[in-house]
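The values are calculated or read from the model by the stated rules, or taken from the named source; none is laboratory data. The structure displayed is predicted, hence computed values, not measured ones. All Cβ positions, even for glycine, are placed from backbone atoms using ideal geometry, and neighbour counts span all protein chains on display. Quick note on the areas: whole protein, heavy atoms, side chains included, nothing else; ligands and nucleic acids left out. Shrake-Rupley method; radii C 1.70, N 1.55, O 1.52, S 1.80 Å.
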Amino acid sequence: MVPAAIAALTQSATHLGNASSLHSAGRKARKDLEQAREELAKIADCAPSEIIFTASGTEANNLAIKGFYWRGKKTGKNVIITSSFEHHAVIDPIHWLQEHEGAVVIEIPVSENGFINEAKYQEALTKYAGKIALISIMHSNNEIGTIQPIQRLAQIAGEIPFHTDSVQSFLKTKFSFKDLAVTSATISAHKVGGPLGVAALILKRGVDLEPILHGGGQERDLRSGTFNAPGIIAFAAAAKFYQENFAKRTTRVRQLKQLLITKVLEQIPDAHLNGDKSNSDDLSLPGIANITFPGTESDGMLLLLDAEGIACSTGSACSAGVQQPSHVLMAIGLSESAARSSLRFSLSDTNTESEIEKLAAVISNVVARSRATLVKAN
Amino acid sequence: MRLVAAMSGGVDSAVAAARAVDAGHDVVGVHLALSSNPQKYRSGARGCCTIEDSHDARRAADVIGIPFYIWDMANEFHDQVVENFLSEYKSGRTPNPCLRCNEKIKFAAVLDRAKALGFDGVVTGHYAITKDNGTYKTLHRAKDYAKDQSYVLAVLNEEQLQGAHFPLGDTEKIDTRKEAKARGLFVANKPDSHDICFVPHGDNAGWLRDKLGSNVGPIVDQTGEKLGEHRGAYTYTVGQRRGLGLTVPTKSGEPRYVLKIEPKTNTVVVGEHEQLAVKNIVGTPAIFCGPKIDVNKNYKGFAQVRAHGDALPCEYLFDGTSIKVNLDEPLFGLATGQGLVIYDQDRVVGSATITETN
């Protein structure tokens with residue numbers, strides 16, 4: 001967490017008062033909370049009333065996806081259009097609706113560079129016209145960092161509810177809810193230096209969806225649950241901090257990423273970068289570099305790099321912790337074995353050039369060992 | 001040394017890992033995912049494969065303060081252990097999958113991978129003792145005879161034994177639990193696993209029927225007279241008395257036992273207890289845990305034919321391929337496919353899979 005967010009969180013946590021209560025302590029909490037909502041709205045370029053706070057990005061995505069689906073189903077719309085490389089917080093509620101609620105799911109393929117196939121998207125919109133309950137396409141991909149042309153896709157969608165999971169994008173790349181012209185977007189505090197357990201669904205004014213949590217109806221009657229006032233206030237403080245340093249920070253992170261890619265590919269010439277190759281502001285997030293090391297096994301490399309003090313990630317693990325080949329990398333056309341030999345490096349402005357030099361110094365040995373492991377196993 | 005601690009999520013492997021750390025080794029905890037779809041085994045498996053066990057292992061590693069990873073060995077386990085288990089039963093033999101798992105997975109696939117990644121060996125929570133005389137390592141029974149697991153480790157060859165570390169060999173199980181508690185490991189009171197880990201609820205016959213099909217066939221006596229029917233010959237084990245469902249009594253009124261499984265004709269042959277008597281056992285291939293013994297020389301020692309079974313006084317001989325055992329006293333009810341382990345007092349000489357009995 002950024003220091004401003006820690007200060008806001010601890011200060012707010014010492015105040016008594018439920019923001020829904022009418023007594024003076026409650027009023028004070030409510031005032032601070034609403035101020036935070038306004039600050040956040042300014043940063044996200046939306047109206048304060050469009051922000052619905054939730055307890056996680058996953059909850060916000062579930063609210064949008066199930067909420068729009070159930071609303072659409074009432075008028076006979078049961079098609080969900082999505083991309084083939086969404087985050088699990090989007091894929092899983094969609095698959096749940098497919099299995100339990102009769103949803104017809106259309107996954108639009110993505111290109112080998114990690115961008116949605118717009119022709120196929122257009123085709124699906126035409127084919128299922130009048131039947132589409134919602135569209136859900138991520139703003140940027142969490143594993144390879146490619147930024148999707150959401151504004152264009154949302155404009156084509158017209159009146160169809162269009163949700164975008166922008167957890168990875170908010171304050172990492174340009175983000176204006178108004179300009180995007182989507183119906184809803186998810187943002188999360190912990191990705192911008194705020195606390196865990198606070199997120200929001202930004203939902204266009206005047207649009208309704210079916211709530212998934214029922215109770216006090218605190219957030220526009222669409223989301224129930226006691227306000228997490230300290231968390232929300234800290235979210236706004238963190239976002240403000242990130243916003244103020246936006247240009248400097250993203251430029252710095254992008255430079256570090258370029259250095260990392262150059263250094264690693266120098267050491268391992270047959271390695272290749274996944275996703276956008278141009279490292280341009282409009283097409284990729286500044287801090288995510290996903291690299292395939294042919295002939296290796298990513299979880300062995302992760303172990304060896306961890307022992308060197310370098311943290312990176314592989315695809316995702318199932319609930320028992322078994323590494324799975326990344327569905328994102330498979331969606332952009334990598335084979336299962338290539339997907340299993342890829343690592344994702346995530347950078348922030350607290351990383352340094354010397355850390356990248358350290359990675360460059362050990363990567364050859366790590367790759368060689370991992371290759372030897374595979375040879376032995378076969 | 002740099003060691004991989006194989007952590008099942010149970011108390012023994014957790015304490016073993018902690019002791020390896022205390023001994024000054026650089027230890028990394030590894031949980032083996034042995035099912036390709038662990039969620040499916042959620043309520044079924046015991047001892048390994050479940051989500052809860054992998055979480056328990058991770059938590060133990062956190063408390064001990066070592067890195068923790070999950071290694072996906074599902075394909076290796078399926079090919080080497082589960083398929084072998086099924087094909088052995090299908091051929092009328094009674095395999096021990098724990099022996100195969102130690103031989104092919106824990107001290108083969110895992111040890112190989114650990115070595116390739118720069119580790120020196122594998123630590124497990126098995127109750128057995130290894131001794132190193134500088135030239136070779138030998139395997140011995142654990143101090144706690146009731147927990148001794150040298151039988152299921154007797155399949156390790158000398159090289160595998162070199163990479164194997166068993167820090168619990170000199171400890172009583174009750175003390176392992178006490179130590180776990182003192183170390184703040186909440187798995188201290190976790191029950192032991194006894195069943196075969198990939199067979200849900202310990203229902204071996206039901207699982208085999210599910211995998212191999214319910215193939216009805218005759219139960220006959222030694223004269224060939226049909227006495228009843230079974231639902232799959234492979235669900236029976238030589239020496240088995242219960243679950244035969246026979247209504248025709250023997251002349252003598254004695255109970256009947258399974259004498260033989262004939263997979264080709266899907267027939268179960270039953271008879272009286274004394275007909276189960278076995279004095280000679282042949283096992284192959286021979287694996288020696290330490291120095292090889294002389295060929296065609298008679299030795300005196302002990303044979304053990306099941307985990308936690310008795311050590312049976314015998315004479316044994318290695319003919320270059322097989323181990324041949326002549327028991328001092330007959331043994332009743334011995335199936336082919338079981339592991340034959342030879343002991344010289346408490347030292348494991350070697351092992352083989354039983355191929356013939358008479």
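For segment A:324-378, which helices (runs of 4 or more DSSP H) that fit wholly inside it have 3 or more residues that are surrounded by fewer than 17 Cβ atoms within 10 Å (Cβ to Cβ)?
Because the criterion is at least 3 residues that are surrounded by fewer than 17 Cβ atoms within 10 Å (Cβ to Cβ), the helices (runs of 4 or more DSSP H) in segment A:324-378 that meet it are A:353-377.
Being open to solvent by less than 40 Å² (accessible area, probe 1.4 Å), part of a loop (DSSP other than H, G, I, E, B) and over 20 Å from B:PRO330 (Cβ atoms) is the filter here; which residues of segment B:235-275 pass it?
B:TYR236, B:LEU244, B:THR250, B:ASN266, listed by residue number.
Failed condition for B:ALA116, given (1) free of Cβ contacts under 8 Å to residues at least 12 places away in the same chain; (2) more than 11 Å from chain A (Cβ to nearest Cβ); (3) open to solvent by less than 30 Å² (accessible area, probe 1.4 Å), with all others met?
(2)
With the requirement that a residue be crowded, with 20+ Cβ neighbours inside 10 Å, part of a helix (DSSP H, G or I) and free of Cβ contacts under 8 Å to residues at least 60 places away in the same chain, what does segment B:56-70 give you?
Of everything in segment B:56-70, those that are crowded, with 20+ Cβ neighbours inside 10 Å, part of a helix (DSSP H, G or I) and free of Cβ contacts under 8 Å to residues at least 60 places away in the same chain turn out to be B:ALA57, B:ALA61.
Could you please find all residues in segment B:276-297 being polar (S, T, N, Q) and loosely packed, with under 15 Cβ neighbours inside 10 Å?
Selection gives B:ASN280, B:ASN296.
Out of all the residues in segment A:348-378, which are facing chain B (nearest Cβ under 9 Å) and of a type in the set (Val, Ile, Thr)?
Correct list: A:THR373, A:VAL375.
So the check is Cβ under 6 Å with 6+ separation or different chains; which pairs have a first residue in segment B:337-358 that's open to solvent by 10 Å² or more (accessible area, probe 1.4 Å) and a second one that's assigned to a loop (DSSP other than H, G, I, E, B) and of a type in the set (A, V, I, L, M)?
Sorted first by the residue in segment B:337-358, then by its partner, the pairs are B:GLN338/B:VAL305; B:THR357/B:LEU334.
In segment A:277-315, which residue that is in contact (Cβ under 8 Å) with a residue 60 or more places away in the chain and aliphatic (A, V, I, L, M) is farthest from the other protein chains (Cβ to nearest Cβ)?
A:LEU283
Go over the candidates B:GLY232, B:GLY163 one by one and state the one that is of a type outside the set (Phe, Trp, Tyr), at positive phi and open to solvent by less than 50 Å² (accessible area, probe 1.4 Å).
B:GLY232
Of everything in segment B:50-73, what is among the aliphatic types (A, V, I, L, M) and either under 21 Å from B:ALA188 (Cβ atoms) or within 7 Å of chain A (Cβ to nearest Cβ) (or both)? Give them in sequence order.
Hits for segment B:50-73 are B:ILE51, B:ALA57, B:ALA60, B:ALA61, B:VAL63, B:ILE64, B:ILE66, B:ILE70.
Are there any pairs, at least 6 apart or on different chains, whose C-beta atoms fall under 6 Å, with the first in segment A:323-342 and on the phi < 0 side of the Ramachandran plot and the second modelled with pLDDT of 95 or more and open to solvent by 50 Å² or more (accessible area, probe 1.4 Å), and if so, which?
Here the result reads A:ILE332/A:GLU112; A:ALA339/A:MET330, each pair linking segment A:323-342 to a residue that is modelled with pLDDT of 95 or more and open to solvent by 50 Å² or more (accessible area, probe 1.4 Å).
Mind telling me which of the residues B:THR336, B:THR355, B:THR284 ends up being among the β-branched types (Val, Ile, Thr), outside the structural domain of B:VAL258 (by TED's automatic domain parsing) and either under 21 Å from B:LYS137 (Cα atoms) or outside any strand (DSSP E or B) (or both)?
Result: B:THR336 is the single residue among B:THR336, B:THR355, B:THR284 that is among the β-branched types (Val, Ile, Thr), outside the structural domain of B:VAL258 (by TED's automatic domain parsing) and either under 21 Å from B:LYS137 (Cα atoms) or outside any strand (DSSP E or B) (or both).
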